[in-house]
Amino acid sequence: MYEVEQKYPVSNPTNVQRQLELLGAVRSPTIVQIDTYYDHPAHRFAKTDEALRIRRIGERNYVTYKGPKIDQTTKTRREIELPLADGEPGAAQFAELLVALGFTPVADVRKRRTRWTLDWQGHAISIAADHVNDLGSFIELEIEADEDQLAAAKERLASLAKELHLTRSERRSYLELLRAQ
């Protein structure tokens, strides 16, 4: 399964959220996510366009691997996400394991995220309105697709972006944007 994603910086996310309401999108409660990214000296993720992170959402913890992007226009990539033990001890124990294996923490990305779900052209699209510390506001459009459905998934996202008047796509991850500052 692949994650097909398009991200757009926005100066006024409220306008996009109003448009989502008019389209019938369903809003979820706002959450805070803290992502700690890791690197390994023998496998430099910044060079291979991969990512390994521990994500904390309240008491819930996840480890996520993101493979390299597979095209030049979207953030389409393989993603594997697994749950970890809940609470601070769960995240700390897995972080300790990573460090014991030679991984080093690179940076934390902190964001407030409001997620929306929209049925668009017969498929569920996940929309995130993010406010990222030290970066600003973004709208992410995301859909999961099998390899043989990637082209159609990209077309759906492009169509929704046009409907929402989102024009300046950003392929870099929040981590890459923070590191570029």
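Each reported figure results from applying straightforward, stated rules to the coordinates on display, with no laboratory input. What you see is a predicted model; the values in this text were computed from it and never measured. Quick reminder, even Gly has a Cβ in these numbers, built from the backbone with ideal geometry, and neighbours come from all protein chains shown.
Normalised by the number of residues in region 63-129, what is the relative contact order in percent for Cα pairs under 8 Å and 6+ residues apart? About 17 percent, as a whole number.
Non-local lysine pairs in the chain, meaning eight or more places apart or on different chains, with alpha-carbon distances under 14 Å, amount to 10. Comparing Gln93, Gln72, Gln17 in a Gaussian network model of the chain, where Cα atoms under 10 Å apart are tied by springs, the biggest mean-square fluctuation is seen for Gln72. Among residues other than Thr73 with Cβ under 10 Å from its Cβ, the summed charge is +3 (Lys and Arg +1, Asp and Glu -1). For a distance above 25 Å, tell me the whole-number percent of Cα pairs in the chain that qualify. It works out to 36 percent of all Cα pairs.
Helices of the chain meeting both criteria, an alpha-carbon length of 30 angstrom or more along the long axis and an average Kyte-Doolittle score not below -1.0, with helices taken as full DSSP H segments, do not occur. Based on Cα contacts under 8 Å between residues 6+ apart, region 1-113 shows a relative contact order of 32 percent. Distance from the Cα centroid of region 135-181 to that of region 8-27 is 15 Å (rounded to whole angstrom).
Listed by Cβ neighbour count within 10 Å, with the fewest neighbours leading, Ile139, Ile57, Ile34 appear as Ile57, Ile34, Ile139. Sorted into 5 angstrom bins from 0, the C-alpha pair distances of region 48-139 split as 3, 11, 14, 21, 24, 16, 8, 3, 1, 0 percent. Rounded to the nearest 0.05, what FRET efficiency do Ala46 and Lys162 have when you use their Cβ-Cβ distance and R0 = 22 Å? Using R0 = 22 Å, I get an efficiency of 0.10. Spin-label pair His123-Glu79: with each label point 7 Å from Cα along the Cα-Cβ axis, the two points sit 1.4 nm from one another. Once the Cα-Cα distance is subtracted from the 0.36 nm per residue extended length, the Ala100 to Ile57 segment shows a gain of 13.1 nm. Kirkwood-based Rg over Rh for region 25-95 (C-alpha set), two decimals? Rounded to two decimals, Rg/Rh equals 1.03.
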